[in-house]
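Trainee: Quick one: the structure is below, questions incoming.
The values are calculated or read from the model by the stated rules, or taken from the named source; none is laboratory data. It should be emphasised that the depicted structure is a prediction, and the values quoted were computed from it without experimental measurement. Note that each Cβ is placed from the backbone with ideal geometry, even for glycine, and that neighbours are counted across all protein chains shown. Calculation scope for accessible area: heavy atoms of the full protein, side chains included, ligands and nucleic acids excluded. Shrake-Rupley method; radii C 1.70, N 1.55, O 1.52, S 1.80 Å.
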Amino acid sequence: MSTWPEPYRIKMVEAIRMTPKEERLRLLEKAGYNLFLIPAEAVFVDLLTDSGTGAMSDRQWAAIMRGDESYAQARSWFRFYEVVKGITGMEHVLPTHQGRAAENILFSELSKPGLVIPSNNHFDTTRANVEFFGAEAVDLVVPEGHDIHARLPFKGNMDLGRLEDLLKAKGREKIPVCMLTVTNNTGGGQPVSLENIRGVSALCREHGVPFFLDACRFAENAYFIQQREAACKDMTIPEIARAMFACADGATMSAKKDGLGNIGGFLALRDGALAVRLKNALILREGFPTYGGLAGRDLEALAVGLEEVQDQAYLAARIGQVARFGDALQKNGVPILEPTGGHAVYLDARGAFPHIPAADLPAQSLTVALYAEGGVRGVEIGSFMFGKKGHDGEFVPAAMELVRLAVPRRVYTDNHLGYVAEVAGDIVRDRARFGGFRVVDEPPFLRHFTARLAPLPLSAP
Ligand SMILES: Cc1ncc(COP(=O)(O)O)c(C=O)c1O
């Protein structure tokens, strides 16, 4: 079959508007060519993030009406707790308003100056929280994770050799926890195999180091394991998810991804003594432990979402849609990071715009072009986000120049994504029309959110 029907039909629609090109150009200028500053209403296809942007099901909306808003021990809490405990097998669950709050609470206890916290790749908020409390965040993804065209099944894996070396060198005293992000967002949404999760777990146990999953996309990761890891091909998604969590001592989760919710997160763990300490931090930062940062109705919606996300047909449609989007882009001559990951397609701006040097921000240029030409919003993950100044003030480019097009869950059809692929194809074919950018105003941290840019004059052909 060449078609792949979604296992749901559409009950409610939300109109989106294609603005005239002159309006988009005017908005870009006003926003300093920073897509974070463009009003969402003026975006036609919004692929900025898959976080909190998904469509909830009829069952989730119905559950919202059952929300119990009692302050303590609400019915909705017990419903949420049972689902999270069922998936993770972990006794202690702390609800938070989103993933970074779970990280903040965990690292407020575990991260201290002089300590080291390894992961395959720390997501930005994880790294920021680890470093805020003083420890060093170390990325140990396998080398093929850095090769954007290697078509390998598990490019999100941890490099077990380097992890073992670090564990031997630093030991339990210097490593308070080891993290593993599934799927590996920073590395392109690439999955981690169950064999690798078990390997990390075994090494951590041997050295007495607690092991936590960053489990935002646990179900998407489980689907890749089922499809790509021969030993797991006959397991169901819930069985694989349980096997993944069985390896870990705890997990942080942004439920805005595989919780199929618009807000929410949690921290789950087995260690009762640590849970008591973390609950005190939860009360200070988020709220009473049976609602944390969430309303009863959010807990209900997430309890349903966490079950729905493990549905085989849903995951086949979801991961299949992202893969088809990647294929459509390639057919239109747009180079991408391969293979496609779980939640996004990453355009290779170095390949798409070879005429723009890294210092002139080719990935930002491609991001701006997508909006100017087609009303499509993506996010730059290249030298605008990660470029640095070296010791002598010289420009140090990012390792890769990428544009991430994240696919919200159950929101856009293949037609929307086919349209994006055509827009991108036209841009790449006509690349000489597009020039570089320079930053004209930037804050001291996380500049990509608020910095302003200006286009550089096009050099003569
Ligand atoms: C892998 C990973 N960890 C943590 C987070 C943080 O979650 P939140 O945005 O809910 O704070 C994200 C969000 O994108 C993520 O992708």
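Trainee: Any idea what the alpha-carbon Rg over 2.2 N^0.38 Å comes to for the range 246-299?
Mentor: Working: Rg = 11.8 Å, N = 54, 2.2 N^0.38 = 10.0 Å.
Here the answer is 1.18, to two decimals.
Trainee: Write down the accessible area per residue of the chain in Å², having rolled a 1.4 Å probe over the full set of protein chains.
Mentor: Working: 19580 Å² over 461 residues.
On a per-residue basis, the chain sits at 42 Å².
Trainee: So what's the back-of-envelope 222 nm ellipticity for the chain, counting only DSSP H runs of four-plus at -39500 (n - 2.57) apiece and dividing by all residues, rounded to 500?
Mentor: Result for the chain, helices only: -12500 deg cm²/dmol.
Trainee: A further question on this structure: Tabulate in residue order the Karplus-calculated ³J(HN,Hα) for the range 136-145, using 6.51 cos²θ - 1.76 cosθ + 1.60 with θ = phi - 60°, rounded to whole Hz; enter x for Gly and Pro.
Mentor: For the range 136-145, the Karplus-derived couplings read 9, 8, 10, 9, 10, 5, 4, x, 5, x Hz, x marking Gly and Pro.
Trainee: So between I64 and K331, what do we pick up on full extension, going 0.36 nm a residue minus the alpha carbon distance? Don't jump to the answer; show the numbers that get you there.
Mentor: On the way: separation 267, 0.36 × 267 = 96.12 nm, distance 4.21 nm.
Full extension of this stretch gives 91.9 nm more.
Trainee: By accessible area of protein heavy atoms, probe 1.4 Å, what ranking do T186, T49 get, highest first? Kindly include the intermediate steps, with their values, before the conclusion.
Mentor: Numbers: T186 60, T49 40 Å².
Highest to lowest solvent-accessible surface, that is T186, T49.
Trainee: Cα centroids of the range 25-80 and the range 127-162: how far apart, whole angstrom?
Mentor: 29
Trainee: Taking the Cβ of A399 as the centre, find all other residues whose Cβ is under 13 Å away and add up their charges (Lys, Arg: +1; Asp, Glu: -1). Walk me through the numbers before you get to the answer.
Mentor: Details: positive: R350, K388; negative: D139, D147, D348, E401.
Result for the neighbourhood of A399: -2.
Trainee: Taking +1 at the Cβ of each Lys and Arg and -1 at the Cβ of each Asp and Glu, which of H97, P113, Q312 sits farthest along the dipole of the chain towards its positive end, judged by Cα position relative to the Cα centre?
Mentor: Selected residue: H97.
Trainee: Can you list the HN-Hα couplings for the range 434-449, worked out from phi with the Karplus curve (6.51, -1.76, 1.60; θ = phi - 60°), rounded to whole Hz and with x for Gly and Pro?
Mentor: With coefficients 6.51, -1.76 and 1.60, one gets 10, x, x, 9, 10, 7, 10, 7, 9, x, x, 10, 6, 5, 4, 6 Hz.
Trainee: With unit charges on the beta carbons (Lys and Arg positive, Asp and Glu negative) and the dipole taken about the Cα centre of the chain, which residue among L25, S201, H122 sits farthest to the positive side?
Mentor: L25
Trainee: Percent antiparallel among DSSP beta bridges with both residues in the chain, to the nearest 5? Before the final figure, lay out each step's value.
Mentor: Numbers: 27 of 40 bridges.
Here the antiparallel bridges make up roughly 70 percent for the chain.
Trainee: Counting Lys and Arg as +1 and Asp and Glu as -1, each charge on the Cβ, what is the dipole of the chain about the Cα centre in debye, to the nearest 20? Don't skip to the answer; put the middle values down first.
Mentor: Values: 51 positive and 56 negative charges, 67 e Å.
Roughly 320 debye for the chain.
Trainee: Collect residues whose amide H, placed 1.01 Å from N in the peptide plane, falls under 5 Å from the amide H of I336; neighbours closer than 5 in sequence don't count.
Mentor: Sorted by chain and number, the residues that satisfy this are D348.
Trainee: Students often get this wrong: which residues of the range 331-368 have the backbone nitrogen under 20 Å from the point 7 angstrom along Cα-to-C-beta of L456?
Mentor: Under 20 Å, as judged by backbone N against the label point of L456, lie 348-368 of the range 331-368.
Trainee: Evaluate the distance, in nm, between pseudo-label points positioned 7 Å from the Cα of Y8 and of R438 along their respective Cα→Cβ axes.
Mentor: Between Y8 and R438, the label points sit 4.8 nm apart.
Trainee: Another one. As I understand it, the value is the acute angle between the Cα axis of helix 362-374 and the longest principal axis of the Cα atoms of the chain; what does it come to in degrees, rounded to 10?
Mentor: Orientation of helix 362-374: about 80 degrees from the principal axis.
Trainee: Then there's this: Along the three principal axes, how long is the chain when you take its alpha carbons, biggest first, rounded to the nearest angstrom?
Mentor: Per principal axis, max minus min of the Cα coordinates gives 66, 56, 45 Å.
Trainee: Work out the FRET efficiency for E41 and L446 from their Cβ-Cβ distance, taking R0 = 22 Å, and round it to the nearest 0.05.
Mentor: Rounded to the nearest 0.05, the efficiency is 0.35.
Trainee: Then there is this: How far is helix 414-429 tilted, in degrees, relative to the longest principal axis of the Cα atoms in the chain, given as a value from 0 to 90 rounded to the nearest 10?
Mentor: 50
Trainee: Treating the beta-carbon of each Lys and Arg as +1 and of each Asp and Glu as -1, no other charges, what is the dipole magnitude of the range 408-459 about its Cα centre, to the nearest 20 debye? Before the final figure, lay out the partial values.
Mentor: Working: 8 positive and 6 negative charges, 25 e Å.
Computed charge dipole of the range 408-459: roughly 120 debye.
Trainee: Relative to the present Cα-Cα distance, how much length would full extension add between R172 and E144 at 0.36 nm per residue of separation?
Mentor: Numbers: separation 28, 0.36 × 28 = 10.08 nm, distance 2.82 nm.
Difference between extended and current length: 7.3 nm.
Trainee: Same structure, new question: Rounding to the nearest 20 debye, state how big the charge dipole of the range 324-461 is about its Cα centre with +1 on each Lys and Arg Cβ and -1 on each Asp and Glu Cβ. Walk me through the numbers before you get to the answer.
Mentor: Working: 15 positive and 15 negative charges, 54 e Å.
For the range 324-461, the charge dipole is close to 260 debye.
Trainee: Between R75 and E394, what is the FRET efficiency for a Förster distance of 51 Å, r being their Cβ-Cβ separation, to the nearest 0.05? Write down the numbers at each step before the final one.
Mentor: Details: r = 60 Å, r/R0 = 1.18.
Taking R0 as 51 Å, the efficiency between R75 and E394 is 0.25.
Trainee: Show the residues, 5+ positions off or on another chain, whose built amide H is closer than 5 Å to the amide H of L453.
Mentor: Here Y33, N34, V440 satisfy the definition.
Trainee: Using a 1.4 Å probe on the protein heavy atoms only, what accessible surface does I263 show? Give it in Å² to the nearest 10.
Mentor: 60
Trainee: Taking all protein chains as present, what is the carbon and sulfur share of the accessible area of the chain, in % to the nearest whole number, probe 1.4 Å? Please list the in-between numbers first.
Mentor: Values: 10860 of 19580 Å².
Of the solvent-accessible surface of the chain, carbon and sulfur hold 55 percent.
Trainee: Using θ = phi - 60° and the Karplus curve 6.51 cos²θ - 1.76 cosθ + 1.60, what whole-Hz ³J(HN,Hα) does each residue of the range 76-83 get, with Gly and Pro shown as x?
Mentor: Coupling constants for the range 76-83: 5, 4, 5, 5, 4, 4, 4, 5 Hz.
Trainee: Still on this structure: Based on the Cβ-Cβ distance from E91 to E195, what FRET efficiency comes out when R0 is 35 Å, to the nearest 0.05? If you can, show how the numbers build up before the last one.
Mentor: On the way: r = 27 Å, r/R0 = 0.76.
The value I calculate is 0.85.
Trainee: Against the empirical 2.2 N^0.38 Å scaling, what ratio does the C-alpha Rg of the range 387-447 come to? Intermediate values should be presented prior to the final figure.
Mentor: Working: Rg = 16.9 Å, N = 61, 2.2 N^0.38 = 10.5 Å.
Dividing the Cα radius of gyration by 2.2 N^0.38 Å gives 1.61.
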